[in-house]
1. Which order do 41, 64, 36 take when ranked by solvent-accessible area (1.4 Å probe, heavy atoms of all protein chains), largest first?
2. Which one, 38, 28, 84, is farthest towards the positive end of the dipole of the stretch 24-90 when Lys and Arg carry +1 and Asp and Glu -1 on their Cβ?
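The values are calculated or read from the model by the stated rules, or taken from the named source; none is laboratory data. Remember, predicted model here, so these are calculated numbers, not experimental data. Note that we place each Cβ from the backbone using ideal geometry, even for glycine, and neighbour counts take in every protein chain shown. The protein model used for the area step is the full one, side chains on, heavy atoms only, and it has no ligands, DNA or RNA in it. Shrake-Rupley method; radii C 1.70, N 1.55, O 1.52, S 1.80 Å.
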Amino acid sequence: PFQVVGGKVKKPGKRGRKPAKIDLKAKLERSRQSARECRARKKLRYQYLEELVSSRERAICALREELEMYKQWCMAMDQGKIPSEIKALLTGEEQGKAQQNSTKLAKAAKTEANSINP
């Protein structure tokens, strides 16, 4: 079954250019190189994921320890005892607020003085 198109006889089959004879050795070498690169990328990806997992596991452990500490504090407060850490936080916070207020007042005074005497 040949087709006649415009006076030319065409054989049925695939359209387009026929692939040139590619050197088989070069093709195999490119394939091997591509496989090596793929394995290297895969290895890097797995290393990255393993590091990510281990860092997340460390973060989870730290959060569990923090949670346990808060549970201990709550149990102590339920018994009417105030943990020393909370006392330190409260007194430190009150001192910090007083320092912030005095700093704000000093800045406001400075700004006011600058606006009056440029």
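1. Values: 41 135, 64 165, 36 105 Å².
Result, largest first: 64, 41, 36.
2. After comparing all options, I get 28.
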